[in-house]
Amino acid sequence: MTAAPAIKGWCPTLLSPMQSGDGWLARVKPSAGCVSADAARLIADAARRHGNCHIDLTSRANLQIRGLSPRSAEAFAKTIIDAGLASADPSLEAVRNVTASPLGPDDPSAAFDSHALARDIETILAGAPALWALPPKFCILVDGGGALPLADITADIMVCAKGDQLAVRLDGGTLAALCAPSAFTATVKALALAFLRLSAERSEKPRRMRALVMAVGEEAIFAEAGLCGTRVPAGSTPEPKAPIGLISLGFQRQHVFGVGLPFGRIEADALHALADISERYRDGNFRTTPWRALLLSGVAGADIESVAGEVEALGLIVDPTDPRLNIFACVGAPSCMNASIDARGDAVRLATVVGATRGDTLHISGCIKSCAHRGPASLTLVGRDGRYDLIRNGTATDRLSLTGLTMDQVEALLLSIREQRR
């Protein structure tokens, strides 16, 4: 029998790498999700030199480098820190978890510059050592709305626009603290400190804000922070644009081009080449996203076809209808010690079948931890002892519909679903 997966309760950072089946993992957290071409080339070269060339884009828009050794992880970290891409303090780097809507000041339809606010939060974290006691998965989200909002992403503390004010919400809650933009960092800090104080009072300390909200209620957290929680009706959420291919921003004929990473993976050579493309076609910068996509900014409309051709030649995704975008797959075996199946390899095999079932999503998880996708999917496959258990319209922890399927049986099932829908 396969042993139960190890739940670590933390994510790797640059200075606290995590062991996996293919070596050690370390993460680079781009400030506000912005990566210059020079920084991308430096990361790619360091991943080649110190790791196994595999780089994953995480759901927090971080770059995760794989295949490090304990010694090479130290050398990799020094390279990144010396380039000014991370803090040299392990405690600060562990809590520097800030996700911003990716377009920032480039998006004229956004309510505010999410990148500027995200950097303000990073400044608060750096200047308040008391916040370094936050759990390592504790995350703050800044959503400016606009063309690519973060409406489908949650975090422990979330900041979004509400009229000419900012609304600061808690994960798992329905209330918000309304504040002027000039006061939002103080509001976020007060809520984070309230989380720490209230968590310390409990025999079993919550690791996430949602757990604390369930334990004490959001009203108690706002009160502890000296804030008034207001029930703010949720506004209508426009249909989000696909973050792949051409994204028009409607001014000066400038565009953003979204590059999909198959199952969230990019090789070091491809990242280096992508940095060259970003310079060749104007801006020389790109943005990381939580959606397994990188955004090339400042691309002229006349260059879109050339950019798409060069990006596609790298094995990356330029078509928003590509079936691989409907599949969430973790690295699986042998890269992950918890997995008993090759999730990524099986995802490649099933991609054409999923492509025929438009609108459906498939989640392939090497174990019950669901590292690739936390939410529900049309079909979820969970690896167990070299076979798959299947859940319909749910998550890996929901009730099983079928158990012990071979890969051939899974493929036959998906083909059957396709035929039924014709």
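The values are calculated or read from the model by the stated rules, or taken from the named source; none is laboratory data. Everything quoted here is computed from the prediction, not taken from an experiment. Using ideal geometry, Cβ is built from the backbone for each residue, glycine included, and neighbour counts are taken over all protein chains shown. Heads up: the accessible areas ignore ligands, DNA and RNA and are worked out on the full protein's heavy atoms, side chains in. Shrake-Rupley method; radii C 1.70, N 1.55, O 1.52, S 1.80 Å.
Output the number of the condition that SER20 fails; it satisfies all remaining conditions of (1) out of contact with any strand residue (DSSP E or B) (no Cβ under 6 Å at 6 or more places or on another chain); (2) closer than 22 Å to ALA329 by Cβ; (3) open to solvent by 30 Å² or more (accessible area, probe 1.4 Å).
With (1) out of contact with any strand residue (DSSP E or B) (no Cβ under 6 Å at 6 or more places or on another chain); (2) closer than 22 Å to ALA329 by Cβ; (3) open to solvent by 30 Å² or more (accessible area, probe 1.4 Å) applied to SER20, the lone miss is (3).
Which ones in region 172-196 are open to solvent by 60 Å² or more (accessible area, probe 1.4 Å) and without any contact (Cβ under 8 Å) to a residue 40 or more places away in the chain? Show your work before the answer.
Taking region 172-196 and keeping what is open to solvent by 60 Å² or more (accessible area, probe 1.4 Å), we get 174, 178, 181-182, 186, 189.
Those that are open to solvent by 60 Å² or more (accessible area, probe 1.4 Å) and without any contact (Cβ under 8 Å) to a residue 40 or more places away in the chain: SER182, ALA186.
Does at least one position in region 327-343 carry a residue that is closer than 21 Å to ARG418 by Cα, open to solvent by less than 10 Å² (accessible area, probe 1.4 Å), touching a residue at least 12 places away in the same chain (Cβ under 8 Å) and assigned to a strand (DSSP E or B)?
Checked region 327-343: at least one residue is closer than 21 Å to ARG418 by Cα, open to solvent by less than 10 Å² (accessible area, probe 1.4 Å), touching a residue at least 12 places away in the same chain (Cβ under 8 Å) and assigned to a strand (DSSP E or B).
Of the residues ARG60, ARG71, which single one is under 20 Å from the mean Cα position of the chain (by Cα) and closer than 30 Å to ARG344 by Cα? Explain how you work it out, then say what you get.
Values: ARG71 fails: under 20 Å from the mean Cα position of the chain (by Cα).
Being under 20 Å from the mean Cα position of the chain (by Cα) and closer than 30 Å to ARG344 by Cα holds for just one of ARG60, ARG71, which is ARG60.
Working only within region 42-53, note down all residues that are within 21 Å of the chain's Cα centre (by Cα) and part of a helix (DSSP H, G or I).
Answer for region 42-53, where residues must be within 21 Å of the chain's Cα centre (by Cα) and part of a helix (DSSP H, G or I): ILE43, ALA44, ALA47.
So is ALA377 of a type in the set (Gly, Ala, Ser) and closer than 27 Å to ALA155 by Cβ or not?
Answer is yes for this residue.
Which fully enclosed strands (runs of 3 or more DSSP E) of region 91-167 have 2 or more residues being free of Cβ contacts under 8 Å to residues at least 60 places away in the same chain?
Numbers: elements: 98-100, 140-143, 157-162.
Result: 140-143, 157-162.
So in region 400-422, with the set limited to residues that are modelled with pLDDT under 85 and open to solvent by 40 Å² or more (accessible area, probe 1.4 Å), which one is nearest to ASP389 (Cα to Cα)?
First, pick out the residues of region 400-422 that are modelled with pLDDT under 85: 417-422.
Checking the rest, the ones that are also open to solvent by 40 Å² or more (accessible area, probe 1.4 Å) come to 418-422.
Details: ARG418: 20, GLU419: 22, GLN420: 22, ARG421: 23, ARG422: 26 Å.
That would be ARG418.
Output the number of the condition that GLY84 fails; it satisfies all remaining conditions of (1) open to solvent by 10 Å² or more (accessible area, probe 1.4 Å); (2) touching a residue at least 40 places away in the same chain (Cβ under 8 Å); (3) part of a loop (DSSP other than H, G, I, E, B).
(2)
Checking ALA177 against (1) part of a helix (DSSP H, G or I); (2) at pLDDT 95 or above; (3) of a type outside the set (Asp, Glu): exactly one of these is not met. Which one?
Of everything listed in (1) part of a helix (DSSP H, G or I); (2) at pLDDT 95 or above; (3) of a type outside the set (Asp, Glu), ALA177 misses just condition (1).
In region 197-209, what residues are surrounded by 17 or more Cβ atoms within 10 Å (Cβ to Cβ) and part of a helix (DSSP H, G or I)? Let's see the steps before the verdict.
So the first thing to find is which residues in region 197-209 are surrounded by 17 or more Cβ atoms within 10 Å (Cβ to Cβ), and the list is 198-199, 206-209.
LEU198, SER199, MET209 - these are the residues of region 197-209 that are surrounded by 17 or more Cβ atoms within 10 Å (Cβ to Cβ) and part of a helix (DSSP H, G or I).
Quick one: in region 297-313, which of the residues that are surrounded by 21 or more Cβ atoms within 10 Å (Cβ to Cβ) and modelled with pLDDT under 95 is nearest to PRO108 (Cα to Cα)? Write out each step before concluding.
So in region 297-313, the residues surrounded by 21 or more Cβ atoms within 10 Å (Cβ to Cβ) come out as 297, 299, 307, 311.
Within this subset, residues satisfying the condition of being modelled with pLDDT under 95 are 297, 299.
Values: SER297: 13, VAL299: 16 Å.
The qualifying residue nearest to PRO108 (Cα to Cα) is SER297.
Does region 93-130 hold any residues that are among the small types (Gly, Ala, Ser), buried (at least 18 other Cβ atoms within 10 Å of the Cβ) and more than 20 Å from LYS162 (Cα to Cα), and which are they? Before you say what the answer is, go through the steps one by one.
The first filter runs over region 93-130 and keeps only residues among the small types (Gly, Ala, Ser), leaving 94, 100-101, 104, 109-111, 114, 116, 118, 126-128, 130.
Still in the list and also buried (at least 18 other Cβ atoms within 10 Å of the Cβ): 94, 100-101, 104, 110-111, 114, 118.
ALA94 - this is the single residue of region 93-130 that is among the small types (Gly, Ala, Ser), buried (at least 18 other Cβ atoms within 10 Å of the Cβ) and more than 20 Å from LYS162 (Cα to Cα).
Which of the residues that make up region 162-171 are over 12 Å from PHE222 (Cα atoms) and at pLDDT 95 or above?
Initial filter on region 162-171 (over 12 Å from PHE222 (Cα atoms)): 162-167, 171.
The answer is GLN165, LEU166, ALA167, ASP171.
Among the candidates GLY21, GLY67, single out the residue that is at pLDDT below 95 and of a type in the set (Gly, Ala, Ser). So that I can check it myself, show each step before the final result.
Values: GLY67 fails: at pLDDT below 95.
Matching residue, one of GLY21, GLY67: GLY21.
Does any residue of region 129-146 turn out to be more than 16 Å from the chain's Cα centre (by Cα), at pLDDT below 95, of a type outside the set (A, V, I, L, M, F, W, C) and under 22 Å from LEU294 (Cα atoms)?
In the first step, residues of region 129-146 are kept if they are more than 16 Å from the chain's Cα centre (by Cα); the result is 129-135, 144-146.
Now narrow it down to the ones that are at pLDDT below 95: 145-146.
Then drop every residue that is not of a type outside the set (A, V, I, L, M, F, W, C), which leaves 145-146.
Those left that are additionally under 22 Å from LEU294 (Cα atoms): 145-146.
There is at least one residue in region 129-146 that is more than 16 Å from the chain's Cα centre (by Cα), at pLDDT below 95, of a type outside the set (A, V, I, L, M, F, W, C) and under 22 Å from LEU294 (Cα atoms).
Which residue out of ARG418, ARG387, ARG399 is in contact with a Gly (Cβ under 7 Å, 6 or more places away or on another chain), of a type in the set (D, E, K, R) and on the phi < 0 side of the Ramachandran plot?
Of ARG418, ARG387, ARG399, the one residue that is in contact with a Gly (Cβ under 7 Å, 6 or more places away or on another chain), of a type in the set (D, E, K, R) and on the phi < 0 side of the Ramachandran plot is ARG387.
In this structure, does ALA32 turn out to be in contact with a Phe, Trp or Tyr (Cβ under 8 Å, 6 or more places away or on another chain) and either touching a residue at least 12 places away in the same chain (Cβ under 8 Å) or not hydrophobic (A, V, I, L, M, F, W, C) (or both)? Show your work before the answer.
Working: in contact with a Phe, Trp or Tyr (Cβ under 8 Å, 6 or more places away or on another chain): no; either touching a residue at least 12 places away in the same chain (Cβ under 8 Å) or not hydrophobic (A, V, I, L, M, F, W, C) (or both): yes.
When the stated conditions are applied, ALA32 does not pass them.
Can you tell me which residue among ALA200, ALA128, ALA116 is among the small types (Gly, Ala, Ser) and more than 16 Å from ASN97 (Cα to Cα)? If you could, list the steps in order and put the result at the bottom.
On the way: ALA128 fails: more than 16 Å from ASN97 (Cα to Cα); ALA116 fails: more than 16 Å from ASN97 (Cα to Cα).
Of the residues listed, the single one that is among the small types (Gly, Ala, Ser) and more than 16 Å from ASN97 (Cα to Cα) is ALA200.
Pairs please, first residue from region 259-285 and open to solvent by 20 Å² or more (accessible area, probe 1.4 Å), second anywhere and of a type in the set (S, T, N, Q), Cβ atoms under 6 Å, 6+ apart in sequence or on different chains.
ASP283/SER297; ASN285/SER36; ASN285/SER297
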